1. Here is a check on your reading of the model: is residue 142 in contact (Cβ under 8 Å) with a residue 60 or more places away in the chain, within 16 Å of ligand 2 (Cβ to nearest atom) and under 24 Å from residue 45 (Cβ atoms)?
2. Quick one: would you say residue 94 is in contact (Cβ under 8 Å) with a residue 12 or more places away in the chain, within 14 Å of ligand 1 (Cβ to nearest atom) and over 23 Å from residue 177 (Cα atoms)?
3. May I ask you to list the residues in the stretch 14-50 that are away from ligand 2 (no atom under 16 Å from the Cβ) and either at pLDDT below 95 or under 20 Å from residue 113 (Cβ atoms) (or both)?
4. Output the number of the condition that residue 79 fails; it satisfies all remaining conditions of (1) touching a residue at least 40 places away in the same chain (Cβ under 8 Å); (2) surrounded by fewer than 24 Cβ atoms within 10 Å (Cβ to Cβ); (3) more than 16 Å from ligand 1 (Cβ to nearest atom); (4) under 24 Å from residue 239 (Cα atoms).
5. Inspect all residues belonging to the stretch 185-198 and state whether any of them is in a loop (DSSP other than H, G, I, E, B) and within 19 Å of the chain's Cα centre (by Cα).
6. Residue by residue through the stretch 100-131, note down the ones that are without any contact (Cβ under 8 Å) to a residue 12 or more places away in the chain and within 16 Å of ligand 2 (Cβ to nearest atom).
7. Restricting the first residue to the stretch 152-174 and requiring it to be more than 29 Å from residue 190 (Cα to Cα), which pairs with a second residue that is part of a helix (DSSP H, G or I) meet a Cβ separation below 6 Å and a spacing of at least six or different chains?
8. Got a sec? Which helices (runs of 4 or more DSSP H) wholly within the stretch 1-73 have at least 2 residues that are in contact with a strand residue (DSSP E or B) (Cβ under 6 Å, 6 or more places away or on another chain), within 14 Å of ligand 1 (Cβ to nearest atom) and under 18 Å from residue 141 (Cα atoms)?
Ligand SMILES: Nc1ncnc2c1ncn2[C@@H]1O[C@H](COP(=O)(O)OP(=O)(O)OP(=O)(O)O)[C@@H](O)[C@H]1O
Ligand SMILES: [Mg+2]
């Protein structure tokens with residue numbers, strides 16, 4: 001059975017995509033068969049792995065969710081034998097509205113993923129920065145959520161809304177859904193602010209905070225413009241190592 005994990009936070013720019021891409025690649029190099037799904041119309045995860053795939057005119061997650069394209073026809077192999085991806089593009093902007101009028105609109109992704117449960121150990125879903133139907137589809141499908149939080153002022157702002165959405169989904173759509181962990185991102189050890197935010201998040205989430213912290217690292221910011229995950233762009237960078245550590249923690253936590 002796959003372990004389906006959604007990276008979610010309706011706040012923009014907190015490190016969802018960077019985490020989705022780099023966790024997926026770190027899992028793949030750890031020989032865990034992994035599927036990365038880009039569920040964001042901004043298609044940043046797609047860009048972030050673009051050097052790993054050669055596919056033009058491919059089916060995207062939009063085709064799967066709205067046009068009923070078989071999911072197997074949207075899966076793209078990458079140069080990593082253990083990593084496949086399903087891409088996105090700006091068509092997906094429309095899905096948020098188009099889903100509204102469809103039957104069982106919260107369950108389209110879940111239905112689409114049904115046939116893949118034995119094929120992958122991990123399925124990672126990169127969510128858009130909103131709590132709309134795309135994110136609800138991800139939460140309905142997922143076993144767990146990773147919530148990236150940027151180590152900055154107002155880090156906890158909006159989290160109440162996210163936690164409320166998670167509770168609603170648990171109550172009405174997906175009883176199994178749990179919080180895999182809260183991930184502190186862009187941590188700058190030179191800044192007192194970063195440390196204060198870390199303390200605040202620790203006291204708010206306790207054990208749910210991953211022990212691994214993702215440091216602010218220039219390489220992580222640069223890598224996407226080359227279409228590469230950090231491990232390929234600079235395997236010795238702090239960013240690449242942080243995400244390998246995180247994956248080790250994730251694998252240790254079992255399931
Ligand atoms: N640890 C890091 N160190 C340095 N830069 C980072 C780090 N993590 C992310 N970034 C950069 O910060 C920006 C936002 O990160 P990212 O795109 O992963 O956030 P996001 O939550 O997916 O954003 P959105 O809500 O728009 O989808 C990007 O330019 C990314 O390259
Ligand atoms: Mg993103």
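1. On the way: in contact (Cβ under 8 Å) with a residue 60 or more places away in the chain: yes; within 16 Å of ligand 2 (Cβ to nearest atom): no; under 24 Å from residue 45 (Cβ atoms): yes.
So residue 142 fails the test.
2. Values: in contact (Cβ under 8 Å) with a residue 12 or more places away in the chain: yes; within 14 Å of ligand 1 (Cβ to nearest atom): no; over 23 Å from residue 177 (Cα atoms): yes.
Considered against the rule, which asks whether it is in contact (Cβ under 8 Å) with a residue 12 or more places away in the chain, within 14 Å of ligand 1 (Cβ to nearest atom) and over 23 Å from residue 177 (Cα atoms), residue 94 comes out as no.
3. Step one: of the stretch 14-50, the residues away from ligand 2 (no atom under 16 Å from the Cβ) are 26-35.
Passing the criteria: 27, 28, 32, 33, 34, 35.
4. (1)
5. Residues of the stretch 185-198 that are in a loop (DSSP other than H, G, I, E, B), as a first pass: 186, 188-191.
Applying the additional criterion that residues be within 19 Å of the chain's Cα centre (by Cα) yields 186.
Yes, the stretch 185-198 has at least one match.
6. Selection gives nothing.
7. From the stretch 152-174, the pairs are 169/139; 173/106; 173/140; 174/140.
8. Details: elements: 16-29, 44-48, 61-66.
It comes to 16-29.
The values are calculated or read from the model by the stated rules, or taken from the named source; none is laboratory data. Everything numeric here is computed off the predicted structure, so don't read it as measured data. A quick note on method: Cβ atoms are made from the backbone with ideal geometry, for glycine too, and the neighbour counts reach across all protein chains shown.
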